[in-house]
Every structure is written in structure tokens, then in C-alpha cells.
């Protein structure tokens, strides 16, 4: 084992021990499932904002941002950063659901308006998203320890997942919220150090970084419009985000979501500098990994630690939200115990890790699942519109069908309206959006007739 790999293992094990010590022990349902303090207090604006930001600036996201910037220049990073507009969309709609509708969760709203069948279908989408979050983030960690498929790669994934699970089992959502704040501090400091090392040493001017890439559809701009479309549906199938919309009072929640969107956007743009630097240097492969290797052991370890902290913040949130979904949101009242929550979390971690042995693509966890849930946009944008229950099912089913056709490679060539790598993806998103909104809104007349 070389020195870099040894230090990486030391960092990984140290991270696990540190957060196991820092994580609070949850004894109550409120603490384990709703992040309440020992005195029953809800997370304040600083805790909630930092938790929102770091749980979305996960290893998969910053890896994708760096790789897209390597491939397309600044346009790649900006395109991925647009996804953080999801916070603004979700914040506004959840605020209205709580203050105007009086709903205590998305499941509460859906059950009230569309019935149990809608709740089960929605939960299936949410569960699929959480499932993707586990393997897609742990794969990034594995890539820092060895080539995909190597023993170091798999052992790093298993160790990282186990360590994160252990401290999350201790405190549930309370562990997630508190450790997120610590991880946000680490991330901010380490990102600053990386930029402080890269930019002064670079032979390229700031103008070259800003002007990198071409702002045209065939050069990455397709993904910009994909993200712009998906932010109106994407956040609602992400329980990591939406669960936090109901922890604090509505006003605190709203402010936190607005700040989180802005901070997240800026952080992704800043980390994209790593990918642009790799592009200007003519590097290939995983941008962050290759830049770390180029600039020495110290930066490589900093990159590694950023990935560990960011991946852990998402992983512990996915475990906590998974437990909440299956025990609190879908389970019987008698199931709602801390012990059952811990068992659900452990099972979810095990199942979510299995895909890493099948070598799936990391970016597909975002883009394909985002296409499949386009039908959620009209459901939540028009949350107070009078429509029959079939409106939900038609909108969601139509986008699911579009996503499946795209994912299986059967999207017709004649329905690809744009050039470039993401031309088919953008085309499918436009078709899926038009179809789901049309089906949803066309049922409004049926809803009026049924009321009569």
C-alpha cells in the first residue's frame, strides 16, 4: 500500500470515529425521525440551511460538476448548478402547503387530495431516489481508493457505508442535521484551500476560466435546459430535501430554502473551477482525481476528504429519510419506534449498496430519475387546483413512461430535436413535460363535472 492510499484510509477511519463521537444519541421518536433536540426544539435557520446545502452538495454532485466542466467548460458547471433552483421551487411550494393548506408532509397532502394509491406510487418514486443516492455517492468514494472493480474500490465503499451507517443509527435525523453542520464547515474550508492552491499556480488567466467552453446546444447547453425543466419536479421526489421542509416553523424553513439555493449554486460553480482547470491542462478521466494527482499528495488528500464529508452528509440523510419513509410515512402507527427505524435504516443501507457491484453510471442517477418524475411538477405547482385523483396518476405515469423509454435506449431518433450529448435527454424532458401537464390539466373539467 503506497503512502497516499494509507493516508486515505486513515482519513476515512478518522472520519467515522469522529462523527460517531459527535453524533447525538436519539431516544425519542421526535429526535430520531424529526431532528428535534433533547428539549424538543426544532432546527434553527443556520442548522437547517447548512443541512440543506451539504446534503445536496454531495460527492456525486461535485464529481458531476467537475466532470461536466472538464467536458464543456464553464457551461457544464453552470448547467449542473441550475439544479439548485430546486430549493427555491420547493421552498415556495412547501411554504404554501403548510401555511395555506395546513399539511404536515407531502404524504399528508397527497393522501388528502389523491388518496392512498397516489401515496404508494409517490413513495415508490421517493424510495427509488433514496436508493440511487446510496450507491451513486459511495461509488465516488470508491473511485478515490482504486479503479472501479478493484478490491480497494469495493473495500472503501463497504467501509465508508458501514461507518456512516453506524453514526446515523445512533441518532437518526438528529445525527444527520448536526453532523451536516460540521460537514458544511469542513467543505467550505477545504474548498477555499483547493481554490487557493489551484488558482495561484495556474498558468491560465481568470478570463480563460470564465470563457472556457461554448454556449451552444451541442456543447453542453442542452443540460442547462434539462435542469431548468427538472427543477419544477425534481425536488419533490427527494425526501432528503422535502423532509427538511417540515422540521422547522414555516418562516424559518422558507428562509433556509432560499439561502440554500443561493449558497449551493455558488458552491457548485466554485468547484467547477477544478474541472475547468483540468480542461485547460488537457487532463482526462475523473477531473477532481486527476487534478489532485497533478498538484500533489496534500491536495489529493484534501479532495478525498471533501468527497468523504459531502458523500457522508447525503448518505446519512438518505438513511434517515429512508427509515422515515418506510416506518413513519408508510408504516402503521404501531411501527413508529426508534428501534424499528434503526432496523429499516440498516436494511436500506444493505440494499442500496448492491448496485455498486453492477457498475452503473453515476450521472444517470440524476438525469434519468429526474425525467421519470416530471409528472410531479403539475401535481405540486397546481396543488390547490380542483382535479380528480386520476390527474395525479396520468401525469406521473406519463413521465414514468417517457423516462423508461429513454433509459432503455428506445427513444425514437425522429423525436430528438437537438444536437449534442444531451440532445435526446432534453427532447425527452420537453415531451414528458408537455404530456404530463396536458394530461393533468385536461382532467380539471372532469373534476368539475364530478363535483357537480
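The values are calculated or read from the model by the stated rules, or taken from the named source; none is laboratory data. All of these numbers come straight from a predicted model, not from anything done at the bench. Counting neighbours? That spans all protein chains shown, and the Cβs are built from the backbone with ideal geometry, glycine included.
Of the helices (runs of 4 or more DSSP H) lying entirely inside the range 73-123, the ones with 2 or more residues being modelled with pLDDT of 95 or more and within 21 Å of residue 325 (Cβ to Cβ) are found at 86-99, 106-114. Of all the numbered requirements in (1) in a helix (DSSP H, G or I); (2) surrounded by 15 or more Cβ atoms within 10 Å (Cβ to Cβ); (3) under 26 Å from the mean Cα position of the chain (by Cα), residue 411 misses one, and that requirement is (1). For the range 243-255, a tally of residues being under 17 Å from the mean Cα position of the chain (by Cα) and either surrounded by fewer than 20 Cβ atoms within 10 Å (Cβ to Cβ) or more than 17 Å from residue 377 (Cβ to Cβ) (or both) returns 2.
Out of the residues in the range 419-438 that are assigned to a loop (DSSP other than H, G, I, E, B) and surrounded by fewer than 17 Cβ atoms within 10 Å (Cβ to Cβ), which is modelled with the highest pLDDT? Checked the range 419-438; the qualifying residue modelled with the highest pLDDT is 419. Screening 52, 47 for residues that are modelled with pLDDT of 90 or more and either assigned to a loop (DSSP other than H, G, I, E, B) or under 12 Å from the mean Cα position of the chain (by Cα) (or both) leaves exactly one candidate, 52.
Answer yes or no as to whether residue 298 is over 26 Å from residue 76 (Cβ atoms), part of a helix (DSSP H, G or I), at pLDDT below 90 and out of contact with any helix residue (DSSP H, G or I) (no Cβ under 7 Å at 6 or more places or on another chain). It is true that residue 298 is over 26 Å from residue 76 (Cβ atoms), part of a helix (DSSP H, G or I), at pLDDT below 90 and out of contact with any helix residue (DSSP H, G or I) (no Cβ under 7 Å at 6 or more places or on another chain).
Filter the range 329-351 down to the residues that are at pLDDT below 90 and in a helix (DSSP H, G or I) and list them by number. Across the range 329-351, the qualifying residues are 329, 333, 334, 335.
Selection over the range 16-36 of residues that are under 25 Å from residue 260 (Cα atoms) and surrounded by 16 or more Cβ atoms within 10 Å (Cβ to Cβ) gives a count of 10.
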